[in-house]
Amino acid sequence: MSKRTSGFLRIEGLGKSFGGIPAVEDLTLTIEKGEFISILGPSGCGKSTTLRLIAGFTSPDTGHILLDGQRIDDQPTHKRGAAMVFQNYALFPHMTVYDNVAFGLRMRKTPKAESVRRVGEALELVRLPSYAKRFPRELSGGQQQRVALARAIVLAPQLLLLDEPLSNLDAKLRKELRSEILEIHRLSQITTLFVTHDLEEAFSVSDRIAVMSQGRLKQFGSAIDIFTRPQTTFVAEFVGHGNVFEGVVESAPDGEMSLAFRDIKLRIPSRGRIGTTARFAIPSHLLRIQTGTPSADNGFPARLNQLTYLGSNIQFSVELAGLTLTGEMSATGDALAWRAGDDVVVCWSSSDMIEIPV
């Protein structure tokens, strides 16, 4: 990533409603030049609306958008310095690959020699120089998406906006193309906003991630920050820390801390004030089930509700104090013999628990 300047893209108090229902509420973000930012969240959380507001396809009800210090929310789409790649590619079926990529340059009346050069460079960047004379119907889904990327990049935008560009592809192709998108970003250094609902996609490509829910920004930070220090229960659950406990901090007999949760007491990291309410999560991949003596300082008898074999791993759920806990562990040893309904011990280490602000 290039050296940062201060606030290349600034979104200030952005809001948009449809039929009186908020789609984006009071969104404020500062994005630096050259960053690759993912906007992550479930369907209907306002991700795509945010991108359309930046691109100028939708007008905001409130707030401002500034690019390199200049307001663009009052500018027409073609003057905003942004290019958008859509989920459905939106290629012209009657045009060749070359003509699709060159279309925006023709609209701008770019001289022919320069247009030829830039289209060639864009097709080289997406590794499709030999496909220039083909039509979209003659391309695979991944190739069509690369053409859509080339059509955006050829305009030399200040912002590249990607609206779930991989969602129509199979799992293997998605992984391949997201690596290519990351390489294109590395070579072009275009500030990029990438909308996705897929946690793995966001974590694998992003400098920083904006997590949204119900039109609001819930957390903005690096993948490590969001995974290890979630600021809300929603973020914790969205990144896979769905086992959340809330209770009152107490002193354990040995002087360590415990959390009174329903009718059990959980060992927690030694921080916090006795008598205060606290909330902790245990990531699913750190939860274990076993038989016999617990192998960690949190261990409780439980009933195995469900067990799903996934090859190298098993996913499971257990009932503990009226709460369903979910986990994932290696499919080895005794784990292969367990069945739903078995009595097991569920355990985890207090040092692995993540505190969530109350």
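The values are calculated or read from the model by the stated rules, or taken from the named source; none is laboratory data. Computed from a predicted model, the values in this text were never measured in an experiment. Positions of Cβ are generated from backbone atoms using ideal geometry, with glycine treated the same way; all protein chains shown enter the neighbour counts. Protein only, heavy atoms only, side chains kept; ligands, DNA and RNA dropped before computing areas. Shrake-Rupley method; radii C 1.70, N 1.55, O 1.52, S 1.80 Å.
Filtering PHE234, PHE135, PHE238 for residues that are farther than 23 Å from THR96 by Cβ, among the hydrophobic types (A, V, I, L, M, F, W, C) and in contact with a Pro (Cβ under 9 Å, 6 or more places away or on another chain) leaves a single hit, PHE238.
Against the definition (open to solvent by 60 Å² or more (accessible area, probe 1.4 Å), basic (Lys, Arg) and either over 30 Å from ASP352 (Cβ atoms) or modelled with pLDDT under 95 (or both)), how does ARG174 come out, yes or no?
Numbers: open to solvent by 60 Å² or more (accessible area, probe 1.4 Å): no; basic (Lys, Arg): yes; either over 30 Å from ASP352 (Cβ atoms) or modelled with pLDDT under 95 (or both): yes.
Answer is no for this residue.
What about ASP163, is it closer than 18 Å to ASN88 by Cα and either buried (at least 16 other Cβ atoms within 10 Å of the Cβ) or touching a Ser or Thr at 6+ places or on another chain (Cβ under 9 Å) (or both)? When the stated conditions are applied, ASP163 passes them.
Name the single residue, out of those in segment 79-88 being closer than 11 Å to ASP163 by Cβ and of a type outside the set (Val, Ile, Thr), that is least open to solvent (accessible area, probe 1.4 Å).
We begin by selecting, within segment 79-88, every residue closer than 11 Å to ASP163 by Cβ; these are 84-88.
Keeping just the survivors that are of a type outside the set (Val, Ile, Thr) gives 84, 86-88.
Working: MET84: 28, PHE86: 58, GLN87: 76, ASN88: 105 Å².
Ranking the candidates gives MET84 first.
Restricted to segment 224-246, and to residues there that are open to solvent by 30 Å² or more (accessible area, probe 1.4 Å) and aromatic (Phe, Trp, Tyr), the residue that is farthest from the chain's Cα centre (by Cα) is PHE234.
When restricted to residues that are touching a His at 6+ places or on another chain (Cβ under 7 Å) and surrounded by fewer than 22 Cβ atoms within 10 Å (Cβ to Cβ), segment 180-223 contains 0.
All conditions but one from (1) open to solvent by less than 30 Å² (accessible area, probe 1.4 Å); (2) within 23 Å of ILE184 (Cβ to Cβ); (3) at pLDDT 95 or above apply to ARG52; the one that does not is (1). If you go through segment 248-271 and keep only what is under 14 Å from GLU355 (Cβ atoms) and exposed (fewer than 13 other Cβ atoms within 10 Å of the Cβ), you end up with SER270, ARG271.
The set of residues from segment 275-296 being open to solvent by 50 Å² or more (accessible area, probe 1.4 Å), at negative phi and of a type outside the set (Ser, Thr, Tyr) comprises HIS285, LEU286, ARG288, PRO294. Taking segment 297-320 as the search range and keeping residues that are aliphatic (A, V, I, L, M) and open to solvent by less than 30 Å² (accessible area, probe 1.4 Å), which one is nearest to VAL244 (Cα to Cα)? Within segment 297-320, the match that is nearest to VAL244 (Cα to Cα) is LEU320.
Residues are listed down the side, and each one gets a yes or a no for (1) farther than 22 Å from GLY81 by Cβ; (2) of a type in the set (Val, Ile, Thr):
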| position | (1), (2) |
| --- | --- |
| LEU139 | yes, no |
| PRO165 | no, no |
| LYS172 | yes, no |
| GLU180 | yes, no |
| HIS185 | no, no |
| VAL195 | no, yes |
| ARG208 | no, no |
| PRO230 | yes, no |
| VAL235 | yes, yes |
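Beta carbons closer than 6 Å, at least 6 apart along the sequence or on distinct chains, pair a first residue in segment 131-156 that is more than 18 Å from HIS94 (Cα to Cα) with a second that is part of a helix (DSSP H, G or I) and among the basic types (Lys, Arg) for VAL154/ARG118. The condition of being outside any strand (DSSP E or B) and under 27 Å from GLY221 (Cα atoms) does not hold for ARG118. The set of residues in segment 133-157 being surrounded by fewer than 17 Cβ atoms within 10 Å (Cβ to Cβ) and assigned to a loop (DSSP other than H, G, I, E, B) consists of LYS133, ARG134, PHE135, SER140, ALA156.
Of everything in segment 323-351 that's in a strand (DSSP E or B) and small (Gly, Ala, Ser), which residue is least open to solvent (accessible area, probe 1.4 Å)? Show your work before the answer.
Step one: list which residues in segment 323-351 are in a strand (DSSP E or B), which gives 323-330, 343-348.
Remaining after also requiring small (Gly, Ala, Ser): 327, 330.
Working: GLY327: 6, SER330: 66 Å².
Checked segment 323-351; the qualifying residue least open to solvent (accessible area, probe 1.4 Å) is GLY327.
Within segment 55-71, is there a residue that is touching a His at 6+ places or on another chain (Cβ under 8 Å), under 19 Å from SER213 (Cβ atoms) and exposed (fewer than 15 other Cβ atoms within 10 Å of the Cβ)? The answer is no; no qualifying residue exists.
Among the residues of segment 121-132, which ones are open to solvent by less than 60 Å² (accessible area, probe 1.4 Å), assigned to a helix (DSSP H, G or I) and over 28 Å from LEU199 (Cβ atoms)?
Going through segment 121-132, the residues open to solvent by less than 60 Å² (accessible area, probe 1.4 Å) turn out to be 122-123, 125-126, 128, 131-132.
Next, from what is left, pick out any that are assigned to a helix (DSSP H, G or I): 122-123, 125, 131.
Hits for segment 121-132 are ALA122, LEU123, TYR131.
Pairs are defined by a Cβ separation below 7 Å, a sequence spacing of at least 6 or placement on different chains, a first member in segment 225-254 that is free of Cβ contacts under 8 Å to residues at least 60 places away in the same chain, and a second member that is open to solvent by 60 Å² or more (accessible area, probe 1.4 Å) and in a helix (DSSP H, G or I); the pairs so defined are VAL239/PHE227.
Condition first: aliphatic (A, V, I, L, M) and within 33 Å of the chain's Cα centre (by Cα). Now tell me which residues in segment 261-285 satisfy that.
Filtering segment 261-285 down to residues aliphatic (A, V, I, L, M) leaves 264, 266, 268, 274, 278, 281-282.
Answer for segment 261-285, where residues must be aliphatic (A, V, I, L, M) and within 33 Å of the chain's Cα centre (by Cα): LEU266, ILE268, ALA278, ALA281, ILE282.
ILE224 satisfies every condition listed in (1) closer than 27 Å to LEU182 by Cα; (2) not in a helix (DSSP H, G or I) except (2).
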